[in-house]
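See structure below.
The values are calculated or read from the model by the stated rules, or taken from the named source; none is laboratory data. These figures come from a predicted structure and were not determined experimentally. Virtual Cβ from ideal backbone geometry, glycine too; neighbours counted across all protein chains shown. The accessibility values were calculated without ligands, DNA or RNA, using every heavy atom of the protein model including side chains. Shrake-Rupley method; radii C 1.70, N 1.55, O 1.52, S 1.80 Å.
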Amino acid sequence: MLAEAWLYLLGHPAQFAKALGVHVSLSLSALALAALIAVPAGVRLAHRRAGALAAINAANVGRTLPSLAVLALAMPLLGTGFLPSLVALTLIALPPVLINTIVGVREIDPDVIDAARGMGMSGREVLRRIELPLAVPVIFAGLRTAAVQVVSGAVLATFIGGGGLGDFITAGIAMMALPLMLVGAIPVTLLSIGADALFGALQRQLTPRGLQ
Amino acid sequence: MIGLKGLTKRFAGEPRPAVDALTLEVAEGETCVLIGPSGCGKTTTMRMVNRMIEPDAGSIEVAGRDVTHVDPIELRRSIGYVIQQIGLFPHMTIGENIATVPRLLGWDPERTARRVDELLELVAMDPDDYRNRFPRELSGGQRQRVGVARALAANPPVMLMDEPFGAIDPITRARLQQEFLRIQERLRKTVVFVTHDIDEAIRMGDRIAILRAGRLVQYDTPEVILARPAEAFVEEFVGVDRVLKRLSLLTVGAYAAPNGGTLSAHTISASATLRDALTQLLIKDAEALTVTDDAGQIIGSLSLQRIRQAISGSESHAVA
């Protein structure tokens, strides 16, 4: 069966490459967008006690929404194709990044912040020199979770015409062709394992030496 | 050097002001210890000096300038700041921690590096050994030393210290206190030192400000506070052993009777405290001790009677 899947892949290289390309670019864009939104928002919210709590609760609710539901909700509002898929996947990636950014900044020892301010660091200097470096490991843990969710969630983009490796899986299900499903399923699995490993490595790499 | 005038701070939801119309002067080069029971406003007072807390009323003068209207960021860079939990930056090396304020002030890297080494030596830590280590690799006492070094980095004329040796074991604590006194003798900073430990206050303070409920109860030298507590509260606060505490502030040399009296077989150094002398008199069951100077020359004798006189304050002598 694996051999059949492999043969199918060899027989349709362009189709596979396109699906893989869409899948990866969809995932990466969603992740990048989520980081661009959630990290600054999280940092800002972390400095407000009430805001931080509300945001964490909202993000936790958002987290429980099934990925398919988010995609299904995107369709009536944004139609079908790459863009609605991107929006939906970004929404899926937001909660873990937002929660971890808030938690990462908030769990910094308040005495460290007090000392930094007391020595004459401005709010921006405290953020750049103290809060962000100390929160980086936690933020990257959030990105790692989000990356795995987005890579697997992107499989569902096929339902709203977003393309990606999910195309093979749905086609395989529709035609009852198991090898065809595997052409989508195996690369997706490898991609999410790879994303997990990559962000794990980045997280270790970016953790300040003094914290290791 | 530091002048607080009518300083008042009221926190929302509190029945009385945390600091209530406090007026206090700290002379240049002196260490002023703020002490009192918890909630007396000592930390709040200290934190208003570098505007970590904004006062509701009153003025704060530092080095002749009213700081209530200057840029707080710039102000804080000119005031050393040490807190009990130290707050070393865990992701920075010891060297980087100490270099914090010089970097904020834009010193060139070479000057900053030289200053870091100088300060590590000042706090008795080998620069080559410690410069590149991280805070987590240090003991509590070493971290506190780094905290002091970091506060001194840009050579600020004023230092604020909030229970700097509070979270440390008693032995290390005594050593750090000694070290800080030695450093202070050399640098003569104007220090505002917060503690709740009366022994520490007596040891570290040129003057002690005793606070209760946001008000100044007594502000004087340790010697006077122990000798003449302004009210029952102070008397109770300094403890029933205030006589012994006072004796530990007075040196034998200042009370030795010059022309002999009884010469005894037991000698004591002129630089010892009257508390040491009393202990010796009791242990040796002697009438008097022979007082010798550093060179071993006899300069007089000290009797129990003289110690009694010292306590009753009939003689006003130099403070240790």
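A few notes on this one:
- Area accessible to solvent at B:S301, 1.4 Å probe radius, in Å²: 10 Å²
- Taking amide H atoms as placed 1.01 Å from N in the peptide plane, the amide H of B:A209 lies under 5 Å from those of B:V33, B:L34, B:I35, each 5 or more residues away in sequence or on another chain.
- Solvent-accessible area, 1.4 Å probe, carbon plus sulfur percent, for the range B:125-233: 44 percent
- Looking at chain B, the DSSP beta bridges with both ends there are about 50 percent antiparallel.
- Value in Å of the Kirkwood radius, where the protein assembly as shown supplies the Cα pairs that are averaged: 28.2 Å
- Delta accessible area of at least 30 Å² on complex formation, residues of the range A:83-122, 1.4 Å probe, chain isolated as reference: A:D111, A:V112, A:D114, A:A115, A:R117, A:G118, A:M119, A:G120, A:M121
- With all protein chains kept in place, the per residue accessible area of the range B:102-208 amounts to 44 square angstrom at a probe of 1.4 angstrom.
- The residues of the range A:52-97 present an accessible area of 50 Å² per residue when probed at 1.4 Å with all protein chains retained.
- Rg/Rh (Cα only; Kirkwood hydrodynamic radius) as it applies to the range A:2-206: 1.09
- Comparing each chain alone with all protein chains together (probe 1.4 Å, DNA, RNA and ligands left out), the residues of the range B:114-159 losing at least 20 Å² of accessible area are B:F134, B:R136, B:R150.
- Antiparallel %, DSSP beta bridges [both residues in the protein assembly as shown], to 5: 50 percent
- Here the spin labels are modelled as points 7 Å beyond Cα on the Cα-Cβ line, and at B:R10 and B:E236 they lie 2.7 nm apart.
- Only DSSP H runs of four or more residues enter the estimate; each adds -39500 (n - 2.57), and after division by the residues of chain A the mean residue ellipticity at 222 nm equals -26500 deg cm²/dmol.
- For the range B:82-103, a drop of 50 Å² or more in accessible area on going from the chain alone to the assembled protein chains (1.4 Å probe) is found at B:F89, B:P90, B:H91.
- In the complete set of protein chains, residue-level accessible area for A:I56 is approximately 40 Å², probe 1.4 angstrom.
- Dividing the mean sequence gap of close Cα pairs (under 8 Å, 6+ apart) by how many residues the range A:35-125 holds gives a relative contact order of 42 percent.
- Inter-label distance for B:D126 and A:D109, nm, one decimal - labels placed 7 Å from Cα along Cα-to-Cβ: 2.5 nm
- Exposure ranking of A:M176, A:M181 by accessible area [1.4 Å probe, largest first]: A:M176, A:M181
- For chain B, the C-alpha radius of gyration sits at 1.12 times the compact-globule guess of 2.2 N^0.38 Å, with N the residue count.
- Measuring only protein heavy atoms, the 1.4 Å probe finds B:V158 accessible over about 0 Å².
- Taken along the Cα-to-beta-carbon direction at a fixed 7 Å, the label points for B:E137 and B:D71 span 3.6 nm.
- With Cα atoms defining each centre, the range A:155-212 and the range B:59-102 are spaced 50 Å apart in the structure.
- Extreme residue, positive dipole direction of the range B:99-163, given options B:L138, B:P156, B:T100 (C-beta unit charges): B:T100
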